[in-house]
Structure formats: structure tokens, C-alpha cells
């Protein structure tokens, strides 16, 4: 492989990974937003409310960056899944919420769905779909 081919392949991989990194960041900020909204007590606590607004702006920014290259249905589902699972897992850590085995099972279903959505957009799947 020549240096030019290697650079082209690398930049192609980076172009594919960039929107997914942005989507993961958006998901992380969504978790922070959900938790801080809970802590804001209906936006009556100024410190938590301020943090919630900051997380909200970051989650929207990174989601919009990701959706430039990722289909909105896939991107939104992944973003919402990350936020839901993260908030459900961290809620008990910060806010004395419960996490039962039944809740953990359904969170695992959400995670599996997000993984399958990502796999459905894989290059092999795209090539087989284009060949048909």
C-alpha cells in the first residue's frame, strides 16, 4: 500500500468515526443533562439548573454535528439510548434511585438495540445492500 493510499484510507476511516465520536459525546452530555435536570428540582436550584443548561447546549451541539453524517433516525435512537441507559445507571449513584434486575434487563435490551443499529450501518452491510 502506498503512502497516498494509506492516507486516503485513514482519512476515510476518520471521516466515518468523527460523527460517531460526536454522537457519543452528545450522549455523554445527555446523561449529564438528565441528571442535572433531576438535581435542579424543577429548575429551583440555581447551581443544578445552570449545569443543566450547559449540558443541554453541549448535547444539542454535538448531536447536530453528528447528524450531518448519520441518519437522523439512527442518530437520535443511539443518542436517546445512551442518555436513557446512562441516566438509569447513574441515577442510583447520585439520587438514591433504585435499579432492579428487571430494569437492568431492559437497559441491556436498549444497549443491544443501539449496538445492532450501529452494526446495521457497517460498511459490509452497506456493500451488500448496494449490490442488491
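The values are calculated or read from the model by the stated rules, or taken from the named source; none is laboratory data. As the structure is a computational prediction, the values presented were derived from the model and not from experiment. Reconstructed Cβ throughout: ideal geometry from the backbone, glycine too, with neighbour counts over all protein chains shown.
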Task: Listing of helices (runs of 4 or more DSSP H) fully contained in the range 16-132 that carry 2 or more residues being in contact (Cβ under 8 Å) with a residue 40 or more places away in the chain and in contact with a helix residue (DSSP H, G or I) (Cβ under 8 Å, 6 or more places away or on another chain) - done: 46-66, 72-95, 101-120
Open item on the list: If the requirement is being within 21 Å of the chain's Cα centre (by Cα), farther than 28 Å from residue 71 by Cβ, surrounded by 10 or more Cβ atoms within 10 Å (Cβ to Cβ) and at pLDDT 90 or above, which of these qualifies: 86, 91?
Closed with: 91
- [ ] List the number of the failed condition for residue 51; all other conditions in (1) under 17 Å from the mean Cα position of the chain (by Cα); (2) surrounded by 17 or more Cβ atoms within 10 Å (Cβ to Cβ) hold.
- [x] (1)
